[in-house]
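Asks: One structure coming up, written as structure tokens, with questions to follow.
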Amino acid sequence: METIYTLKEFNNFMYILALIGLVVFISLYYVDAGYGKMRTEKWGPAINNKIGWFLMEMPVFFVFLFLWATSEVRLQLPYLIFFLIFEFHYFQRSFIFPFLLKGNSKMPLIIMALSVVWNLINGYVQGIWLFHLAPIYTSGLYTTAWLSDPRFIIGICIFAIGWCINMHSDHVIRTLRKPGDTNHYLPKKGLYKYVTSANYFGEILEWLGFSVMTWSWAGALFFWFTCCNLVPRSNSIWHRYKEEFADEFDEKKLKRIIPFIY
């Protein structure tokens with residue numbers, strides 16, 4: 001098996017992405033990303049929210065699929081499991097989640113475009129590492145023995161817990177209003193009893209689990225970038241809810257994204 005990258009070149013690329021993630025993290029504490037509750041007209045032209053979600057999530061599914069399909073290790077069990085877990089998430093996120101959304105919300109084109117760029121990069125980084133670089137540089141780390149390694153078992157359990165939290169939390173948000181109702185409500189079910197961004201907490205757990213089960217810097221980068229995006233956004237949502245539901249909010253002492261902590 002051959003590759004155009006050395007491990008050093010790949011790691012240097014990830015260092016750059018990690019620094020970009022830090023910039024994103026800091027910036028989002030000062031600028032609210034203009035989608036969902038935070039969208040305003042200043043973000044420019046927008047498209048239907050369902051179409052926006054589909055277009056921005058779908059590329060990572062196909063990039064990862066291509067890199068797996070062109071790999072010599074694609075049918076070896078550990079690699080196949082990594083592939084199926086990753087694609088399981090993104091199939092739901094690309095082809096099911098957007099069409100469950102209710103209402104006629106809009107997504108700014110700039111937000112969608114930036115998300116497409118990140119998803120292309122992330123799908124490439126995860127796929128290149130797992131299916132093209134890891135078989136060369138990890139000295140057979142991902143053999144069938146890896147499936148009984150505590151790191152794999154713990155990681156896949158964390159991923160499963162995060163996915164369940166994410167799915168349930170999204171369902172709670174979707175069912176807050178009955179058809180025709182345009183009022184805003186504070187979500188109260190599930191982990192929303194403790195945080196205002198339970199869905200984000202679930203997604204962070206998913207990619208923490210993925211990084212542990214793959215035990216890779218590529219997986220850790222994905223987890224890091226997820227935190228850099230969702231943690232400051234959860235802060236913006238927390239402040240929006242605090243302003244909109246002041247009396248009820250103070251009584252519950254809700255955290256932003258991590259129950260009892262932040």
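Asks: Starting from residues that are aromatic (Phe, Trp, Tyr), surrounded by fewer than 19 Cβ atoms within 10 Å (Cβ to Cβ) and out of contact with any Lys or Arg (no Cβ under 6 Å at 6 or more places or on another chain), keep the ones in region 233-262 and report whichever is nearest to Ser169 (Cα to Cα).
Replies: Phe260
Asks: If I go through region 3-24 residue by residue, how many of them are among the polar types (S, T, N, Q) and in contact (Cβ under 8 Å) with a residue 60 or more places away in the chain?
Replies: Result for region 3-24: 2.
Asks: Looking at (1) closer than 30 Å to Lys253 by Cα; (2) touching a Phe, Trp or Tyr at 6+ places or on another chain (Cβ under 8 Å); (3) at pLDDT below 95, can you tell me which one Pro108 breaks?
Replies: (1)
Asks: Tell me, which residue of region 161-211 that is of a type in the set (Val, Ile, Thr) and out of contact with any strand residue (DSSP E or B) (no Cβ under 9 Å at 6 or more places or on another chain) is surrounded by the fewest Cβ atoms within 10 Å (Cβ to Cβ)?
Replies: The qualifying residue surrounded by the fewest Cβ atoms within 10 Å (Cβ to Cβ) is Thr182.
Asks: Can Ser197 be described as within 14 Å of the chain's Cα centre (by Cα) and under 30 Å from Leu77 (Cβ atoms)?
Replies: When the stated conditions are applied, Ser197 does not pass them.
Asks: Looking only at region 9-46, count every residue that is of a type outside the set (Phe, Trp, Tyr) and modelled with pLDDT under 90 and tell me the total.
Replies: 14
Asks: Exactly one of these conditions fails for Leu205: (1) of a type outside the set (Val, Ile, Thr); (2) over 19 Å from the mean Cα position of the chain (by Cα); (3) under 25 Å from Phe83 (Cβ atoms). Give me its number.
Replies: Going through (1) of a type outside the set (Val, Ile, Thr); (2) over 19 Å from the mean Cα position of the chain (by Cα); (3) under 25 Å from Phe83 (Cβ atoms) one by one, Leu205 breaks only (2).
Asks: Can I ask one more? I'd like to check something: does region 55-73 contain any residue that is closer than 25 Å to Trp224 by Cβ, surrounded by fewer than 13 Cβ atoms within 10 Å (Cβ to Cβ) and either within 16 Å of the chain's Cα centre (by Cα) or at pLDDT below 95 (or both)?
Replies: No, because not a single residue in region 55-73 is closer than 25 Å to Trp224 by Cβ, surrounded by fewer than 13 Cβ atoms within 10 Å (Cβ to Cβ) and either within 16 Å of the chain's Cα centre (by Cα) or at pLDDT below 95 (or both).
Asks: Right, another one. Does region 81-88 contain any residue that is of a type in the set (A, V, I, L, M, F, W, C) and modelled with pLDDT under 95?
Replies: No, because not a single residue in region 81-88 is of a type in the set (A, V, I, L, M, F, W, C) and modelled with pLDDT under 95.
Asks: Please work out which residue is nearest to Asn49 (Cα to Cα), limiting yourself to region 77-93 and to residues that are over 15 Å from the mean Cα position of the chain (by Cα) and surrounded by fewer than 16 Cβ atoms within 10 Å (Cβ to Cβ). Before you say what the answer is, go through the steps one by one.
Replies: Of the residues in region 77-93, the ones over 15 Å from the mean Cα position of the chain (by Cα) are 77-84.
Next cut, surrounded by fewer than 16 Cβ atoms within 10 Å (Cβ to Cβ) only: 77, 80, 84.
Values: Leu77: 37, Leu80: 32, Leu84: 27 Å.
Taking the candidates together, the pick is Leu84.
Asks: Just the residues that are exposed (fewer than 15 other Cβ atoms within 10 Å of the Cβ) and hydrophobic (A, V, I, L, M, F, W, C), please, taken from region 94-108. Reasoning before the result, please.
Replies: Let us first name the residues in region 94-108 that are exposed (fewer than 15 other Cβ atoms within 10 Å of the Cβ), namely 95-96, 99-100, 102-104.
Phe95, Ile96, Phe99, Leu100, listed by residue number.
Asks: Also, I was wondering about something else. Do we have any residue at all in region 235-251 that's closer than 21 Å to His89 by Cα and in contact (Cβ under 8 Å) with a residue 12 or more places away in the chain?
Replies: No: region 235-251 contains no residue that is closer than 21 Å to His89 by Cα and in contact (Cβ under 8 Å) with a residue 12 or more places away in the chain.
The values are calculated or read from the model by the stated rules, or taken from the named source; none is laboratory data. Just so it is clear, the model here is predicted, and its values are computed rather than measured. Don't worry about glycine lacking a Cβ; one is built from the backbone with ideal geometry, like all the others, and counts go over all protein chains shown.
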